[in-house]
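Sharing a structure below in structure tokens format, with a few things to ask.
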Amino acid sequence: MKKSPDFVDLICASTDDQFDKAFDAFVEGAVEHLEVNKKNFATLNEVGLSGVFTASLKIPGVSVCQEAHSNGHVDITVHLNYCTPVRKKLFEAKIYGGPSYHISGLEQLLSRYTTGREGRGVVLSYVKNKNIAQLVKSVRAKMDEDLPCSQQGHTSDHTLKWSFLSHHAHSCGEELAVAHVSCNLFLEGSDK
């Protein structure tokens with residue numbers, strides 16, 4: 001019996017799909033940490049929230065950097081140490097500002113930072129507005145209508161709540177996947 005099955009699955013992943021599935025458990029934990037502490041983090045801006053998120057992802061054998069360089073300053077970069085081929089993820093984080101603002105983050109991730117060597121990218125949305133479920137649906141509807149960044153077909157469900165997946169033709173000549181992960185940071189009594 002494994003004592004830390006998520007960790008073992010992560011470091012033993014031999015395919016990108018296995019790595020993504022194992023890593024999703026750690027992303028979910030980092031999102032939950034933000035959500036259950038949203039009062040404590042209410043005054044933080046995007047960089048501050050990303051700092052907290054980054055710290056929550058730090059585990060042995062995995063390097064997590066904030067504002068690392070990849071054709072610009074990527075909000076969060078994660079890679080599995082001592083692994084060939086390299087298992088690497090890039091995150092573009094945004095405080096939710098509507099579907100168009102979310103899509104601008106996707107464009108940054110795919111057009112500027114991603115070279116094509118990385119695994120599934122992530123657009124991380126810090127949602128301080130009420131009704132996260134409907135807001136995520138509106139982003140998906142806009143993406144499915146406009147097919148931004150050479151989106152290949154409609155978005156699909158992700159295992160994490162208030163999250164979804166999209167696939168995009170990339171300039172490297174391959175189709176790249178992106179997870180769109182949302183954190184519920186709405187506080188009762190705020191005016192949003």
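What does the helix-only formula give at 222 nm for the chain: each DSSP H stretch with n ≥ 4 adding -39500 (n - 2.57), the total divided by the residues, and the result rounded to the nearest 500 deg cm²/dmol?
After summing the helix terms and dividing by residue count, I get -10500 deg cm²/dmol.
Give me the base-10 log of I(q)/I(0) for segment 114-169 at each q in 0.12, 0.17, 0.25 Å⁻¹, Debye formula, one uniform scatterer per Cα, rounded to two decimals.
Here log10 of I(q) over I(0) equals -0.30, -0.60, -1.15.
Which percent of the accessible area of the chain is formed by carbon and sulfur heavy atoms (probe 1.4 angstrom)?
Carbon with sulfur: 51 percent of the solvent-accessible area.
The chain: longest stretch without exposed GluC sites (Glu not before Pro) (DSSP loop, at most 11 other Cβ within 10 Å), sites themselves excluded?
That gives 1-173 as the longest site-free run.
Given a 1.4 angstrom probe, what's the average accessible area per residue across the chain, in square angstrom?
51
With a ≥ b ≥ c the root eigenvalues of the C-alpha gyration tensor of segment 136-192, is it rounded (a/c under 1.5), prolate (a/b larger than b/c) or oblate? Mind dumping the intermediate values first?
Values: a/c = 2.74, a/b = 2.23, b/c = 1.23.
Taking the square roots of the gyration eigenvalues as a ≥ b ≥ c, segment 136-192 is prolate.
Let me ask another. If you place +1 on the Cβ of every Lys and Arg, -1 on the Cβ of every Asp and Glu, and leave all else neutral, what size is the dipole of the chain about its Cα centre, to the nearest 20 Debye?
Dipole of the chain, to the nearest 20 debye: 400 debye.
Quote the Stokes-Einstein diffusion coefficient, in whole µm² s⁻¹, for the chain, based on the Kirkwood radius over alpha carbon pairs, a temperature of 20 °C and a viscosity of 1.002 mPa s. Each step should come with its number before you reach the end.
Values: Rh = 16.9 Å.
After rounding, the answer is 127 µm²/s.
Using alpha-carbon positions, what is the distance between the centroids of segment 116-153 and segment 6-79, in Å?
Using only Cα atoms to place each centre, the spacing works out to 18 Å.
Count the net charge of all other residues whose Cβ sits under 14 Å from the Cβ of SER138, scoring Lys and Arg as +1 and Asp and Glu as -1.
So the surrounding residues net to +1.
Also, I was wondering about something else. With charges only on Cβ, +1 for K and R and -1 for D and E, what is the dipole size of segment 87-192 about its Cα centre, in debye, rounded to 20?
Values: 14 positive and 11 negative charges, 75 e Å.
Computed charge dipole of segment 87-192: roughly 360 debye.
The values are calculated or read from the model by the stated rules, or taken from the named source; none is laboratory data. As the structure is a prediction and not an experimental result, all values here were calculated from the model. As a convention, Cβ positions derive from the backbone with ideal geometry for all residues, glycine included, and neighbour counts pool all protein chains shown. Note: accessible area is taken over every heavy atom of the protein model, side chains too, but ligands, DNA and RNA are not part of it. Shrake-Rupley method; radii C 1.70, N 1.55, O 1.52, S 1.80 Å.
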